[in-house]
Amino acid sequence: MQNVMIVGAGKGGTAVLKLLNETEVLQVKAVIDRNLDAPGIFLAQSLGIKIGIDWKPFLNENIDIIIEVTGNEHVFQELRSAKDKRTVLIPGSVAFLLARLLEEKEELIVKHQNASYQQELIFNATNDGMLVIDAKGFVILFNRRAEEMTGVKRDKAIGKYVVEVIPESRLPLILETRRIETNQEMVLGNGRKIITTRIPIIEENGTLIGAFAVFKDITEVVNLAEEITDLKEIQTMLQAIIHSSDDAISVVDENGRGLLINPAYTRLTGLTQEQVIGQPATADISEGESMHMKVLQTRRAVRGVPMRVGANKREVIVNVAPIIVKGKLKGSVGVIHDMSEIKSLNRELNRARQIIRTLEAKYTFEDIIGSSEEMTLAIEQAKLGAKTPATVLLRGESGTGKELFAHAIHNASDRKYNKFIRVNCAAISESLLESELFGYEEGAFSGAKRGGKRGYFEEANNGSIFLDEIGELSANTQAKLLRVLQENEITRVGGTKPVSINVRIIAATHVNLEKGIAKGSFREDLYYRLNRMPIHIPPLRNRKEEIPVLCERLIEKINLDYGRNVEGVSQAALLKLVNYDWPGNVRELENILGRAIIFMNYYETFINVHHLPELRPKKKSSEPLVTDHSESIQQDRSLNAMIEDYEAEIIQQTLHRFNGNKTATAKALGLSVRNLYYKLEKYKLENNSMQ
């Protein structure tokens, strides 16, 4: 025997209770109604059945069937959600219908002519859709609510096979199985979602006479639930995005009251949610006007507004935009950037740039000082050359800044993020230069590394290579360099396979290449390849008006290198510097300023005349060199002694011209390096040569 609980003790519940009380198959365990004065409650009490105003405590008493006869949709949904899966829930309309049908069985037999009217009245009175079929599956009853849900008119449904009316119907299966299906979800052809209960109609003798279905429309309920779920998901997602942002965010409503802030906002301003939410938009401002209020008044976004916020008066930049939904202003949202963090990042970026510049090309055109006509022309030519892949030849005296120009050209080109290789062709011995430039294969010579070695050209691939003192290359190396310029490929020493490269060549020289061509020491074809874009850098004596600015920039650099705080050069010292002709150019100027700063006292802040070494004015070229020493000629000295003095001075001047480079000095004087060292020791010039 199955246990039954009746929810609702009104007229329908009382009828169901009377009906079930007469059967021996079902046993009513409880009758529930909020009104204890309901007629069904008194009947249940008289029959010894439990009563109550809440059905929830009785769910644990092995209830097999729940009959809901309240007619309340909310109660039906609650019962459906709370009941056990094995418990059958029968809608009240069905229970009431069955009760009425069985109660009036005798009357219906007597009043056969009025049966159809009464059935239709009952079926159409309920808010549930109802459909009844006969034993063969043909529709014999189709109420008004079923018409509304399915979109099929009653006269089009009656007499049709049920699947023709509702293709998704499972009533034919109910006829076969004779089993009840309760509270099944189903989607009709028109997209409506329903919950249906299907019950076979069986007489007392077991004869199957048909089946019926009762269904409720839950489309709106489901759509509303889905919308609520979607809104909650969107809200959760937006909150997660806002809270994960490192930028401080604040949102206010249309009245300028705080709605939302994120943790970054609290970290930046020091204000908690309690201090902001529901408070005026000015609550966080320590200096400046509220951009939230301005945006709410103008309905226009503002960007990059500086202000100070919070108790600590943090310096910030604010961007605020209005929130407009369907043309209506709903509030505004502000994003606050911490300026202290931005400044810190800028400092880190500048430091990183300085480090990168020390690793690759150090200087840019901003580091080149030049206001004279010649220097301005050279800078403009170099900038033009930087934008082309053409080979650039930098010409000028030693110390004029050819390497500075090479750095700047590389940094202004589209190769600036690739390598910048510097090679002083005069500083590497002739025997090593070729292998250093072009690399070598394994076993190319004794002492060669296993696996060979990449040369400077391969290292500079896709970047730039600066070949300083290009005029010092040997004939063999010149030939290989010519092939690089013509074919864009190199061949390693000891190798046979050419290696393709893409290198921008920047060459520099202080010697007269045209004279080298005339003497046969420099290849004419290489000259024309290198001289496609010559840039002449003027000597310092031709741009003396730039000496004050040069001194200022060089002193800044020397201060940084030596940890000093020299402010500048006195007018008298500057006049002395301007009157000197600077055979060593800017390098000599830097040398003299550096030497002066080294020997200055720490309390001295300006370089004066007494800090500078003796600067001899330039000798006129028309005067014979020997006449410069006429005053020092003594009648009591031998010719050999005077020649030695003159030789020592020539060596000293040549060393000074080549900045102490002994290899270049020996080559210029036609001496071997060993012989030069001998003469330096003989004339005691070793120490003086580096001063």
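The values are calculated or read from the model by the stated rules, or taken from the named source; none is laboratory data. Small disclaimer: the values here were computed from a predicted structure and weren't measured. Neighbour counts run over all protein chains shown; Cβ positions are idealised from the backbone, glycine included. Just so you know, the surface numbers come from the protein's heavy atoms only, side chains and all, with ligands and any DNA or RNA stripped out. Shrake-Rupley method; radii C 1.70, N 1.55, O 1.52, S 1.80 Å.
Some points to look at:
- Three-way shape call for region 1-101 based on the alpha-carbon gyration tensor, with the a/c threshold at 1.5: rounded
- The chain - charge dipole about Cα centre, Lys and Arg +1 at Cβ, Asp and Glu -1, debye rounded to 20: 1300
- Nearest-ten-degree value, helix 11-21 long axis tilted from longest Cα axis of the chain: 70
- Sorted on the mean count of surrounding Cβ atoms within 10 Å across their residues, most packed first, peptides 21-29, 435-443 read 435-443, 21-29.
- Farthest toward positive dipole pole in region 455-538 [+1 Lys/Arg, -1 Asp/Glu at C-beta], among L467, G516, I537: G516
- Per-residue Karplus couplings for region 169-176, computed as 6.51 cos²θ - 1.76 cosθ + 1.60 with θ equal to phi - 60°, are listed in order as 5, 9, 4, x, 5, 5, 4, 6 Hz, Gly and Pro entered as x.
- log10 of Debye I(q)/I(0), alpha-carbon scatterers only, for the chain at 0.08, 0.10 Å⁻¹: -0.85, -1.07
- Counting DSSP beta bridges with both ends in the chain, the antiparallel % (nearest 5): 60
- Distance (nanometres) between label positions extended 7 Å along Cα→Cβ at N62 and K576: 12.1
- Residue-by-residue Karplus 3J(HN,Hα) for region 646-661, coefficients 6.51, -1.76, 1.60, Hz, glycine and proline x: 5, 5, 4, 5, 5, 4, 4, 5, 5, 4, 5, 5, 9, 6, x, 6
- Along the axis of the charge dipole computed for the chain (Cβ charges of +1 for Lys and Arg, -1 for Asp and Glu, origin at the Cα centre), the listed residues I249, V316, Q45 are led at the positive end by V316.
- Cα long-axis angle, helix 402-411 against the chain (0 to 90 degrees, to the nearest 10): 10
- Accessible surface of region 305-427 [probe 1.4 Å, protein heavy atoms]: carbon and sulfur percent: 54
- Whether region 406-520 is rounded, prolate or oblate, judged on the alpha carbon gyration tensor where a/c under 1.5 counts as rounded: oblate
- DSSP-assigned coil residues among chymotrypsin sites (Phe, Trp or Tyr not before Pro) in region 445-482, each with at most 16 further Cβ atoms within 10 Å: F445
- In a DSSP loop and with at most 14 other Cβ atoms within 10 Å, the trypsin sites (Lys or Arg not before Pro) in region 494-582 are R532.
- On Cα atoms only, tilt of 339-359 relative to the major axis of the chain in degrees: 40
- Solvent-accessible area per residue in the chain equals 57 Å², computed with a 1.4 angstrom probe and all protein chains kept.
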